[in-house]
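Colleague: Take a look at this one; I'll ask things after.
The values are calculated or read from the model by the stated rules, or taken from the named source; none is laboratory data. Keep in mind it's a predicted model, so treat the numbers as computed, not measured. Heads up, the Cβs are rebuilt from the backbone with ideal geometry, glycines too, and the neighbour counts pull from every protein chain shown. Ligands, DNA and RNA are excluded from the accessible area calculation, which covers all protein heavy atoms including side chains. Shrake-Rupley method; radii C 1.70, N 1.55, O 1.52, S 1.80 Å.
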Amino acid sequence: MKILFLHGFTSSGQCEIAQTLRAEMEGMAEVIAPDLPLYPEDAITLVDKLCQEHRPQVIVGSSCGAFYAQMFVCSMRKVILVNPFFRMSEFLEPRIGLRQYKSPRADVKQEFEITPNLIEHFKAIEERQFVSYTPDNKPYVYGLFGKQDTLAHFRSMYDSLYTNAREFVGGHTMTAENVRRDLVPLIKEIGIYPQLTDVWAKSVKAMHTFLSNEDFEFYKGLMPTYLSAVRLYVEYASEDTPIGFMGLSDDAIEMLFVLPSHFRKGIGRRLVELAVSRGIRKVDVNEQNTSARHFYEAMGFKVVGRDETDGEGKPYPILHMRK
């Protein structure tokens, strides 16, 4: 999976939001965070090129980055607008003159100038920023609004166009904690969890034949909760198609599922080896899932305990294994 992050006007692809996003999504997604050009036409051209080249499944835009991001909404991707600044000219007009970027830029040029000409360029883009808007886009756009944002005041404009909106405790620019607590969970919820739940469902149908249909639906409904409780590592067959994933707690493999079409291709082994390399030595398996037990035994795990029911109290015995 690929995420395209578009930073704010005075920022860069090395800002705290981008760095935290990369760290939090490690093992799950690639985060592409370019330095955006000063002039809006150049920035839009770059974003369009990156969308064609990388085909991101999620675009996250912050402030001015959100101004650009909403222009690239389509049914093939989700777009998250963090405190969108739909009228950038209003931000720029009182700030004419030389300014400094707030985070390092790849070209090492930290100084830029806000000029009347630059403002006119933004005004021209503002007039046509919603030219591609259609009500059909509503399901693919999500707004995140800081309760203490004193800079951008475009919630009413957003609500006139889109329906998915949430608030977070924070200001105009997200902190690292906001990224971890508010942004990353939303990305997982709309971009990753549905795909992984599909992998889980197909794997369970193939391997957990002992599971009743009623219990299958019960566990499927809990998947977002289960997924949010672990550190995820995802294997992809292509840029946007997960074929397997693993969830780790501090000391155990909590889940490991692979698409049946990719069984016995080394995916599970690679994921377990990754877990072991990180010091993980424990895993629980359903007793009825003999294939899973044999797989972990081949990986050096041994049964060290047994429970009559699973963690939800269902009558599916659990084997505790340790390497």
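Colleague: Order of 140-150, 94-104, 27-37 by packing, highest average Cβ count within 10 Å first?
Modeller: 27-37, 140-150, 94-104
Colleague: Here's a follow-up. Alpha carbons only, please: Rg and Dmax for segment 74-230, in angstrom.
Modeller: 21.2, 70
Colleague: By the gyration tensor of its Cα atoms, with a ≥ b ≥ c the square roots of the eigenvalues, what is the shape of segment 59-114: rounded for a/c under 1.5, prolate for a/b over b/c, or oblate?
Modeller: oblate
Colleague: Continuing with this model, one more query. Starting from the coordinates of the alpha-carbon atoms of segment 155-241, obtain the Kirkwood hydrodynamic radius over all distinct pairs and give the value in Å to one decimal.
Modeller: Kirkwood radius, segment 155-241: 15.8 Å.
Colleague: Related question: Can you tell me what share of the DSSP beta bridges in segment 26-183 is antiparallel? A percent to the nearest 5 is fine. Don't skip to the answer; put the middle values down first.
Modeller: Values: 5 of 19 bridges.
Here the antiparallel bridges make up roughly 25 percent for segment 26-183.
Colleague: Of all the accessible heavy-atom surface of the chain, with the other protein chains kept in place and a 1.4 Å probe, what percent is carbon and sulfur?
Modeller: The nonpolar share, carbon plus sulfur, comes to 50 percent.
Colleague: Under the Kirkwood approximation applied to all pairs of distinct alpha-carbon atoms, what is the hydrodynamic radius of segment 174-297 in Å?
Modeller: When all Cα pairs of segment 174-297 are included, the Kirkwood radius is 15.4 Å.
Colleague: Probe of 1.4 angstrom, ligands and nucleic acids ignored: what's the accessible area per residue over the chain, in square angstrom?
Modeller: On a per-residue basis, 47 Å².
Colleague: Based on the alpha-carbon gyration tensor of segment 1-131 and its eigenvalue square roots a ≥ b ≥ c, which shape applies: rounded if a/c is under 1.5, prolate if not and a/b is larger than b/c, or oblate?
Modeller: oblate
Colleague: For a quick check of understanding: with a 1.4 angstrom probe and all protein chains in place, what accessible area in square angstrom does TYR133 have, to the nearest ten?
Modeller: It works out to around 60 Å².
Colleague: Counting each DSSP H run of 4 or more residues in the chain as -39500 (n - 2.57), what helix-only mean residue ellipticity at 222 nm follows after dividing by all residues, to the nearest 500 deg cm²/dmol?
Modeller: -10000 deg cm²/dmol
Colleague: Counting other Cβ atoms within 10 Å, keep those with at most 16, restrict to DSSP loop, and tell me which GluC sites (Glu not before Pro) in segment 178-249 are left.
Modeller: GLU239
Colleague: What is the ratio of the Cα radius of gyration of the chain to 2.2 N^0.38 Å, with N the residue count, to two decimals? Write out the running numbers ahead of the final one.
Modeller: Details: Rg = 23.0 Å, N = 323, 2.2 N^0.38 = 19.8 Å.
So the Cα radius of gyration is 1.16 times the expected 2.2 N^0.38 Å.
Colleague: For a distance above 12 Å, tell me the whole-number percent of Cα pairs in segment 1-57 that qualify.
Modeller: 64
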